[in-house]
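Below: one structure, written as structure tokens.
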């Protein structure tokens, strides 16, 4: 890996940030440590007070294992300094993040991420004189993205795992707006949509809210959270939230799918615990898959309903049948093409 030490600029003294980068480059792994004067000689163009400030910054701000014993400084390992000394992978990471967030973020946030990527790349080029990355080299598209409210996001981020918010939430299932007092635990982007998980004081239990349905008048309250925080891997209850963000009548689905849709579905992972069996080779697929939410699994099945031959359990089949019947009823009640032309 190329050295991340900033280039010398004539007789100009190095800043504390530049000295931090230099220490991170020369001190780690030196078994016998280095004296203050040894560090000054190795780094150059800096003073004793600046060196000490940089050593303390590495320890206190960057979490580096820096310590002094018998007038010699030791540092166990290099630390990541992406803002001070960005490397290739740091810039790549920000470019990927900017691309992923682009479909759901507002114009201001997209611009800030793009500017950050360009600034990191400029800094990387300044330190290493490597070729710059094209700013638009990575793009992303999303068909399921939902609108993001900047005020709502900012307020929730300020209170995650420590504060309390009061918000009005309109349930997509009942279309009723209810005021909730919530202690936010975590935000998650799932299938292009942002969700909030937290402790709802009104129902005295954990709840999941879709940010799209939270009104923009969400308020942070001047009080501390009271509910115990869950462990990071228990925030979203049972299972992997990547395979289901909702909780509604959990069970195990057994679905038979035929033809080209079956061959299209076969390589697609609905859950790490799914089990696939070809009842008829490459023609009739039986997928057994656990789910956390009956209605969420029903929506997934509805997307391939023209190729589905059977559905279990009964509760899931009823959920799908009700959705199909509702659609057919709306079609029946609506004006026919012929009557519409007469009007």
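The values are calculated or read from the model by the stated rules, or taken from the named source; none is laboratory data. As the structure is a computational prediction, the values presented were derived from the model and not from experiment. We place every Cβ from the backbone using ideal geometry, glycine too, and count neighbours over all the protein chains shown.
Structural remarks
- Any hit, segment 26-48, residues being at pLDDT 90 or above, more than 19 Å from residue 72 (Cα to Cα) and assigned by TED's automatic domain parsing to the domain that holds residue 71: yes
- Selection status of residue 5, surrounded by 15 or more Cβ atoms within 10 Å (Cβ to Cβ) and at pLDDT below 90: yes
- Being buried (at least 16 other Cβ atoms within 10 Å of the Cβ), under 29 Å from residue 141 (Cα atoms), more than 22 Å from the chain's Cα centre (by Cα) and at pLDDT 90 or above is a property that residue 225 lacks.
- On the stretch given as segment 163-218, residues that are in a strand (DSSP E or B) and more than 23 Å from the chain's Cα centre (by Cα) total 9.
- Candidates 48, 63 - the one that is exposed (fewer than 12 other Cβ atoms within 10 Å of the Cβ) and over 34 Å from the mean Cα position of the chain (by Cα): 48
- Residue within segment 150-159 that is farther than 30 Å from residue 222 by Cβ and at pLDDT 85 or above present: no
- Residue list for segment 293-322, filter: within 13 Å of residue 250 (Cβ to Cβ) and either assigned to a strand (DSSP E or B) or not assigned by TED's automatic domain parsing to the domain that holds residue 255 (or both): 293
- Sole exception among (1) surrounded by 15 or more Cβ atoms within 10 Å (Cβ to Cβ); (2) in contact with a helix residue (DSSP H, G or I) (Cβ under 8 Å, 6 or more places away or on another chain); (3) farther than 30 Å from residue 210 by Cα for residue 256, by number: (2)
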